Amino acid sequence: MSRIVYRNVSDLKGFSLKNCPSMPDPTRVLMCPPDHYDVLDVKNPFMAGHVGSVNKGLARKQWDDLKAAFESAGKPVTHIDPVPGLEDMVFCANQTFVGVDPKMEKICLLGQMRHSSRRREVPAFEAWFKSQGYRIVKLKDSAVLFEGAGDAIWHPGKRLIWGGHGFRSQPEVYEEVARAFDSPVVLLKLVNERFYHLDTCFCPLTPEAVLIYPSAFDAESLELILKIFPIVLTAGEGEAVRSMACNAAVVDGKTAILQKGAASVSRHMAVMGLKVIEVDTSEYIKSGGSVYCMKMFCY
Ligand code: ARG
């Protein structure tokens with residue numbers, strides 16, 4: 001029952017969010033210092049026109065400010081050592097997907113990334129999570145693609161996983177994700193290549209509320225979101241693209257850390273009772289990433 005993959009609303013017969021067992025909140029945040037961060041090629045539409053254009057000094061300041069924002073939201077931040085030559089390693093949400101299983105064992109499922117340059121990041125994260133007492137799980141099918149917490153997102157406080165696919169991760173992987181965490185997965189299909197990871201267009205705020213960019217999804221996926229979340233807020237195209245507003249990170253259902261310049265999303269979050277901390281991640285948006293994917297929530 002708990003290992004089900006839900007693909008459309010008719011699969012949801014008998015499903016109720018209330019009946020999903022609870023999941024503990026993450027206790028800390030992992031970040032990777034931007035020592036080797038750069039834009040060297042074009043892996044997503046955000047990167048076009050930005051090869052070689054990163055302002056390294058500004059990128060360091062923005063990273064330091066983001067770290068301070070997580071700390072002020074009450075989460076200690078730990079580091080993984082940056083590896084020379086791995087310019088995207090700063091986006092440390094993509095190499096693995098982590099959580100606790102129903103017996104409270106910490107699990108780290110290793111990703112299998114689409115681009116060969118990023119595949120080389122995974123071993124560093126495997127070693128780090130192993131050193132922190134996580135049980136490492138490898139996908140059985142070494143050919144299937146999976147980009148970790150870029151596409152797999154825990155429902156706040158619940159043993160339920162939202163699984164994006166379409167551009168980076170492949171849908172077949174989610175049977176194994178469900179098995180690894182003994183938790184059901186709701187599949188969401190991404191159809192707009194600018195929103196290539198689920199975390200670019202889907203941001204759970206509380207157990208009841210989510211922020212989305214609707215046209216990133218196909219119709220069946222939108223129906224699933226509307227069926228499960230009682231409150232669905234939407235971001236407009238300008239804020240979703242220019243400010244990557246759906247790539248915000250919400251800490252403990254209380255504080256939202258958001259790229260500056262997304263005035264409507266910021267207002268909606270405040271009306272939901274969230275404290276909003278605005279940061280500037282402009283140097284990272286050049287690579288297609290912002291707040292959510294520059295950190296990994298850990299246990
Ligand atoms: N340049 C990176 C890539 O294309 C950015 C990843 C950002 N991560 C995210 N989850 N949005 O892979």
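Computed from the coordinates by the stated procedures, all read-outs in this text should not be read as laboratory data. As the structure is a prediction and not an experimental result, all values here were calculated from the model. Methodologically, a virtual Cβ is constructed for each residue, glycine included, from the backbone with ideal geometry; neighbour enumeration extends over all protein chains shown.
General remarks:
- In terms of other Cβ atoms within 10 Å, His268, His36 run from fewest to most in the order His36, His268.
- Taking the inverse of the mean 1/r over every pair of distinct Cα atoms in the chain gives a Kirkwood hydrodynamic radius of 18.9 Å.
- The fewest-to-most ranking of Met269, Met104, Met296, Met23 by surrounding Cβ atoms within 10 Å reads Met104, Met23, Met269, Met296.
- Number of Lys pairs (Cα under 26 Å; 8 or more positions apart or on different chains) in the stretch 217-297: 8
- Computed E for Met104/Glu208 - FRET, C-beta separation, R0 35 angstrom, nearest 0.05: 0.90
- Calculated on alpha-carbon atoms, Rg and Dmax of the stretch 136-295 in Å: 14.9, 45
- Karplus-derived 3J(HN,Hα) values for the stretch 281-290, using 6.51 cos²θ - 1.76 cosθ + 1.60 with θ = phi - 60°, are 10, 3, 5, 8, 4, 4, 9, x, x, 9 Hz; glycine and proline are entered as x.
- For the stretch 60-129, GluC sites (Glu not before Pro) meeting the loop criterion (DSSP other than H, G, I, E, B) and having at most 10 other Cβ atoms within 10 Å: none.
- 22 Å Cα cut-off, lysine pairs counted over the stretch 21-153 (separation 8 or more, or different chains): 13
- Whole-Hz couplings from phi, Karplus 6.51/-1.76/1.60, listed for the stretch 140-156; x for Gly and Pro: 5, 8, 6, 9, 7, 9, 8, 10, x, 6, x, 10, 10, 10, 5, 5, x
- Dividing the Cα radius of gyration of the stretch 44-103 by its Kirkwood radius returns 1.03 for Rg/Rh.
- Equivalent ellipsoid semi-axes, the stretch 237-299, via Cα gyration tensor eigenvalues times 5, rooted, Å: 18, 16, 8
- Amide H partners (placed H, <5 Å) of Arg135, local residues excluded: Lys106, Ile107, Cys108
- Take the Cα of Lys56, step 7 Å toward its Cβ, do the same at Glu172, and the gap between the two points is 4.2 nm.
- Hydrodynamic radius of the stretch 220-272 per Kirkwood, over alpha carbon pairs, in Å: 12.0 Å
- Distant-in-sequence amide H partners of Thr96 (H built 1.01 Å from N, under 5 Å): Gly111, Ala149
- P(r) of the stretch 1-144 over all Cα-Cα pairs, binned every 5 Å from zero, in whole percent: 2, 8, 14, 16, 17, 16, 12, 9, 5, 2, 0
- Fewest-first ordering of His165, His115 by other beta carbons within 10 Å of each residue's beta carbon gives His115, His165.
- Fraction of beta bridges assigned by DSSP in the chain that are antiparallel (%, nearest 5): 50 percent
- Contour minus Cα-Cα distance for Val83 and Asp218 (0.36 nm per residue): 44.9 nm
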